[in-house]
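Visitor: Supplied in structure tokens, the structure appears directly below.
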Amino acid sequence: MPELPEVETTRLGIHPHLYQQIIKAITIRETRLRWPIDADIARLFKNKKITQISRRGKYLIISSDELNMMIHLGMSGSLRIVPSDKALSSLPEKHDHFDIVLNNGVILRYRDPRRFGALLYFYGDPQQHKLLASLGPEPLSDDFQLESFYKNSRGKKITIKQYIMDAHQVVGVGNIYANEALFLSGIRPGRAVGRVSYKSFSKLHQIIKAVLKNAIAKGGTTLKDFIAPSAQTNQNQAGYFQQELFVYDRAGKACKICDTPIKAKKISQRSSFYCPQCQQ
DNA sequence: AGTGCGGCCTGTCCGC
DNA sequence: TGCGGACAGGCCGCAC
């Protein structure tokens, strides 16, 4: 499941192959993603030069001046580069729903078995787009400020875990990183956010940044996967701090810090894990 | 306005 | 062995 670090790693991985290239064609094989892919997208982008490859939250934005396409990987989506010398021999597989073919023969290929992802297009400033306009700050930018992160939580009845996963507060914290960040901060996921102290918020604020930063740094070492078709199967795992998971999916197993069995609990339909000893 | 949750999907795992 | 069912996940958009 791609979280922000995976999406950023993807952006960095595809950028050198796409930047300033001309789109020759967009081939759509399956339109049924989260929203149906509008067939106009192929016509609109034909012969357009890619001038920017950016990211907002978990949305990737590929732009040609005022025209943008937005790609979301959902939970099982991935993008990879098919180099020009492999373009003919590398046939799309079952869940490869669309290709963006560049003039130099390179193909950007989108795969998404569960089809929770999206491909949309729009004109103008991405920040004005409905899906992006109300997003909270980027966790690794200066816009992510402890003061407002704390203040917005006062009076809210939801849990701290729901709060940090709410993209209106801060983008990019998915279920795995939410669990891990709360563990590292010593806060139980089920606590009412309105009652979590400033001091705890201060720690959490730092930890969220550190965890995401670390994951992106790790992802950087796996960039080669974007041009290694054989690595495709495991691409979603590449870049995770998987060997460092303290609580996620470790129900019943010993806490790596204190040996207490990790507990599992559903919080608003999402699996949550915590150490009853380390987290209060 | 704040909160809760249904729904979209398929690969994987479990139990029969 | 094969098969059905539960589950996982992001996140919009509706209902309260």
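Every number here is computed from the coordinates shown, using simple stated rules; none is lab data. Given the structure is predicted, the values throughout are model-derived calculations rather than measurements. Cβ coordinates were reconstructed from backbone atoms using ideal geometry, including for glycine residues, and neighbour counts include every protein chain displayed.
Visitor: How would you classify region A:39-183 from its alpha-carbon gyration tensor, with a ≥ b ≥ c the square roots of the eigenvalues: rounded for a/c under 1.5, else prolate if a/b is greater than b/c, otherwise oblate?
Guide: Verdict is prolate for region A:39-183.
Visitor: So what's region A:104-182 giving for Cα Rg divided by 2.2 N^0.38 Å, two decimals?
Guide: 1.41
Visitor: Exceeding 24 Å between C-alpha atoms, which entries from my cross-link table qualify? They are A:Lys203/A:Lys263; A:Lys24/A:Lys130; A:Lys161/A:Lys199; A:Lys58/A:Lys130; A:Lys58/A:Lys161.
Guide: Over 24 Å Cα-Cα: A:Lys24/A:Lys130.
Visitor: Right, next: Using only Cα atoms, find the angle between the long axis of helix A:198-219 and the longest principal axis of chain A, and express it within 0 to 90 degrees, rounded to the nearest 10.
Guide: 30 degrees
Visitor: Efficiency by 1/(1 + (r/R0)^6): what FRET value for A:Asp143 and A:Ser197, r their Cβ-Cβ distance, R0 = 22 Å, to the nearest 0.05?
Guide: Given R0 = 22 Å and the Cβ-Cβ separation, E is 0.40.
Visitor: By how many nm would the segment from A:Ile22 to A:Ala210 lengthen if fully extended, with 0.36 nm per residue of separation less the alpha-carbon distance?
Guide: This chain segment gains 64.0 nm when fully extended.
Visitor: Placing unit charges on C-beta atoms (Lys and Arg positive, Asp and Glu negative, everything else neutral), compute the dipole magnitude of chain A about its Cα centre in debye, rounded to 20.
Guide: Computed about the Cα centre, the dipole is about 980 debye.
Visitor: Going by amide H atoms built from the backbone, whose H comes under 5 Å of the H on A:Arg55, apart from near neighbours?
Guide: A:Ile61
Visitor: Follow-up. For region A:24-41, in order, what is each residue's ³J(HN,Hα) by Karplus, 6.51 cos²θ - 1.76 cosθ + 1.60 with θ = phi - 60°, in whole Hz (x at glycine and Pro)?
Guide: 8, 6, 10, 9, 10, 9, 9, 8, 7, 9, 3, 10, x, 6, 6, 4, 4, 4
Visitor: Tell me, what is the percent relative contact order of chain A, built from C-alpha pairs under 8 Å that lie six or more residues apart?
Guide: Averaging sequence separation for qualifying contacts and normalising by length gives 19 percent for chain A.
Visitor: For region A:105-172 and region A:23-47, compute the distance between their C-alpha centroids and round to whole Å.
Guide: Measuring centre to centre over Cα atoms gives 24 Å.
Visitor: In whole angstrom, how long is each semi-axis of the equivalent ellipsoid of chain A, when you take the square root of 5 times every eigenvalue of its Cα gyration tensor and sort them from largest down?
Guide: 36, 21, 15
Visitor: Here is a further query. Just want the ordering: A:Ile187, A:Ile22, A:Ile176, from fewest to most Cβ atoms lying within 10 Å of their own Cβ.
Guide: By the 10 Å Cβ count, ascending, the order reads A:Ile22, A:Ile176, A:Ile187.
Visitor: Report, to the nearest 10°, how far helix A:4-18 tilts away from the longest principal axis of the Cα atoms in chain A, using its own Cα long axis and a range of 0 to 90°.
Guide: The angle comes out at about 20 degrees.
Visitor: Would you kindly state the longest site-free stretch of chain A, with sites defined as chymotrypsin sites (Phe, Trp or Tyr not before Pro) in a DSSP loop (not H, G, I, E, B) surrounded by at most 15 other Cβ atoms within 10 Å?
Guide: A:117-280
Visitor: Quick check: convex hull of the Cα atoms in region A:107-153, volume per residue, rounded to a whole Å³?
Guide: Looking at region A:107-153, the number lands at 163 Å³ per residue.
Visitor: Within 10 Å of each residue's Cβ, count the other Cβ atoms and sort A:His15, A:His205 from fewest upward.
Guide: A:His15, A:His205
Visitor: Tell me, what is the percent relative contact order of region A:102-190, built from C-alpha pairs under 8 Å that lie six or more residues apart?
Guide: Reported relative contact order: 24 percent.
Visitor: Per DSSP helix of 4 or more residues, -39500 (n - 2.57); summed, then divided by the residues of chain A. What does that give at 222 nm, rounded to the nearest 500?
Guide: That comes out to -7500 deg cm²/dmol.
Visitor: Okay, next question. Can you put A:Glu3, A:Glu93 in order, fewest other beta carbons within 10 Å first?
Guide: Exposure proxy ranking, most exposed first: A:Glu93, A:Glu3.
Visitor: Going by the alpha-carbon gyration tensor, a ≥ b ≥ c the square roots of its eigenvalues, is region A:1-113 rounded (a/c under 1.5) or, if a/c is not under 1.5, prolate (a/b greater than b/c) versus oblate?
Guide: Because its axes are fairly even, with a/c under 1.5, region A:1-113 counts as rounded.
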